[in-house]
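A short write-up of the structure that comes next.
Bear in mind these aren't lab numbers, they're just calculated from the coordinates by the rules spelled out. Note that the structure is predicted; figures quoted are calculated from it, not measured. Because the Cβ atoms are built from the backbone with ideal geometry, glycine has one as well, and the counts that use them run over all protein chains shown.
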Amino acid sequence: MTIRLLAATTVNRIAAGEVVERPASAIKELVENSIDAGAKRIDIHIRDGGRSYMSVADDGSGMTPDELSLCVERHATSKLPDEDLQNIQTLGFRGEALPSIGSIARMTLTSREEGSDAAWAMTIEGGAKSDPAPAARPAGTTIEVRDLFFATPARLKFLKTERTETGHAVDVIKRLAMAHPEIHFSLMDGERSLLKLGAAQGDLLDARLERVGAILGGAFAENALAVDAAREGIHLTGYIGLPTLNRGNAALQFLFVNGRPVRDRLLFGAVRGAYRDFLAHDRHPLMALFIKMPPELVDINVHPAKTEVRFRDPGLVRGLIVSALKHALAGAGHRASTTVSNDAMGALRAPGNFAGSPYRRGGGGSISTGLAETARTYHAPLSELDGQPTARVEAMDEPQMAAGDWPLGVARAQVHETYIVAQTDDGIVIVDQHAAHERLVYEDMKKALAANGASRQGLLIPEVVELDEAAAERVAAHASQLLEMGLNVEAFGAGAVVVRETPALLGEVNVQDLIRNLADDLAELGEALSFEDRLADISATMACHGSVRAGRRLGAEEMNALLRRMEITPNSGQCNHGRPTYVELKLADIEKLFGRR
Ligand code: ADP
Ligand code: MG
């Protein structure tokens, strides 16, 4: 057996496997180089998902012929001036991307240094490079890559369909573009334009909102809350969406650290913590958050693809994100996203077709079945409450107050014993009485909890609730926490609990239902969640039971009182599950419906 050094090209190929996992990773490296080169404009072309062809052209600093020849050598870099990995100011720093790509593909580099009057080109194919030769192009650099992985055919097998690979490429560019609104980006697939983002104008925050809006959609820009907070040298800015603008996965949550897009589990946990009160478990808000911190407080050199970071003090970063998000959300007051009324308008315009609304009842569509189920039970009128035809409209007397005084207007009617219709200065507001009341009770409950325990109300006769044994045990095991929330419950033999007091906030409740739901909750949540998270979930369940159910007749005073409380209660624009509590239709929109405009 002879021991030998691996050929440089072999070493490069191994490394390339780490850096260049798929076409999108090569595109990412090339675009990062353009950003590091100070480009103001970056144009990207791909074919076949980037597999047969990709090119990245920029108007950055460019390279001399010597630099051109050197840049494809392993560990050749113009960055990291003091070789200090604790202090990385650029996106690149390893000097590995170009040699890696050059070793597994056919690459052509054409560059003209800023201020020089000549351009040069060279090629590198499977690691073999040519000498630079004169070429033509304005200042900047174009790098073309053909037949990615031709030298490592095994890799090709792992590639997904063209569509999937194209999707990854788009995602990579979107992330980098979000972090750099001042740069013009375009992405073409053959003749087809996939992205075109003009350089955003204005100061950084305005430019960012413009760019983030261009990528996440106009609805996001309209319904975004600004975030701006700092703690111990770490500065967090960005935009987060109102809870009512939510998705079934977290794909539209973006985190940037010192201008670098990163994926970090920490973000998911922090977002969940901050939105816990506003969203069901399976719904996710949209956001783009930017952290600026001294480079020595974060380690970027964790993973070859540089998409993961390690914070020196993750608890500090998490705390900063949670509190900044909570603060921003608290400031939103009773605001619900405009998408809600847009959805309503869409539904009104197309009678009988509610497919466009994420809040329609029943399963399927854009809201998960579980949530739809929950929603349906809330909306089901309680049959025992009345036998009246449900289409009745309870018309109110002329309101004493002027509508203009109140953002949510003056109650005019209750329809179907479920919705309050209020008149505002310039439109109408429709409130889902159950969802709204549930939110109010929940907020009260949180306040009471924070003020050291909710007050209790004794039952005339203690109520025994029979459950299966495990469920009864689970409820009994949480007795002390539940007591703090105003629910006095204890074990009652095997398979039953006895309830002596209920939270005063809830008013009269169906004890049997409440305990069964709590038992389900506790089973579902398990021990995986922190105590705080569980507490929030339990309060939400309780709030739901104490709420004015759909199907209860309300008087004018009750309705107006509900509206007034909504106006002053934080977060009252959505129920505990992220559904809106009210919809506002402007007169102008109503007029459009009737063709008056
Ligand atoms: P790194 O980015 O880690 O330095 P790369 O292999 O990606 O390593 O690039 C090597 C060097 O090539 C860079 O440090 C830079 O000097 C030069 N370079 C690469 N792309 C460009 C570009 N688009 N414009 C100017 N210089 C570039
Ligand atoms: Mg690089």
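Some observations on this one:
- Cleavage-rule hits (GluC sites (Glu not before Pro)) in segment 423-530: DSSP loop, at most 10 neighbouring Cβ within 10 angstrom: 508, 527
- Listed residue (53, 34, 70) projecting farthest to the positive dipole end of segment 12-73, Cβ model: 53
- The alpha carbons of segment 1-148 give a radius of gyration and a Dmax of 15.1, 55 Å, in that order.
- Derived scalar couplings ³J(HN,Hα) [segment 284-291; Karplus, 6.51 cos²θ - 1.76 cosθ + 1.60; whole Hz; x for Gly, Pro]: 9, x, 9, 6, 9, 10, 10, 9
- Charged neighbours of residue 462, selected by a Cβ distance under 11 Å, balance to -2 (K, R count +1; D, E count -1).
- Take each peptide in 414-421, 128-135, 19-26, count the other Cβ atoms within 10 Å of every residue, and average; sorted highest first, the result is 19-26, 414-421, 128-135.
- Segment 246-318 and segment 428-468 have Cα centres separated by 34 Å.
- A simple count of charges around residue 163, restricted to other residues whose Cβ falls under 14 Å of its Cβ and scoring Lys, Arg +1 and Asp, Glu -1, yields 0.
- A simple packing score, the average count of other Cβ atoms within 10 Å per residue, orders the peptides 256-264, 57-65 as 57-65, 256-264, with the highest score first.
- Pairs of Cα atoms farther than 20 Å apart, segment 1-85, %: 49
- The relative contact order of segment 110-222, computed from alpha carbon pairs under 8 Å that lie at least 6 residues apart in sequence, is 14 percent.
- Per-residue 3J(HN,Hα) values for segment 418-423, derived from phi via the Karplus relation 6.51 cos²θ - 1.76 cosθ + 1.60 with θ = phi - 60°, read 9, 10, 9, 9, 10, 9 Hz in sequence order (x marks Gly and Pro).
- Rg/Rh (Cα only; Kirkwood hydrodynamic radius) as it applies to segment 86-230: 1.03
- Percent of alpha-carbon pairs separated by more than 21 Å within segment 63-140: 33
- Anchor residue 160: lysines whose Cα lies under 27 Å away (excluding residues fewer than 8 positions away in-chain): 28, 174, 196, 306
- Segment 100-163 shape via C-alpha gyration tensor axes, a/c threshold 1.5: prolate
- Electrostatic bookkeeping for residue 147 treats Lys and Arg as +1 and Asp and Glu as -1; over the other residues with beta carbon under 13 Å from its beta carbon, the sum is +2.
- When you work out D = kT/(6 pi eta Rh) for segment 193-237 at 20 °C and 1.002 mPa s, using the Kirkwood radius from C-alpha pairs as Rh and the Stokes-Einstein form, the result is 180 µm²/s.
- Burial ranking of peptide ranges 155-168, 207-220 (average Cβ count within 10 Å, highest at the top): 207-220, 155-168
- Counting only DSSP beta bridges whose two residues both lie in segment 204-331, roughly 80 percent are antiparallel.
- Dividing the convex hull volume of the alpha-carbon atoms in segment 204-331 by its residue count gives 104 Å³ per residue.
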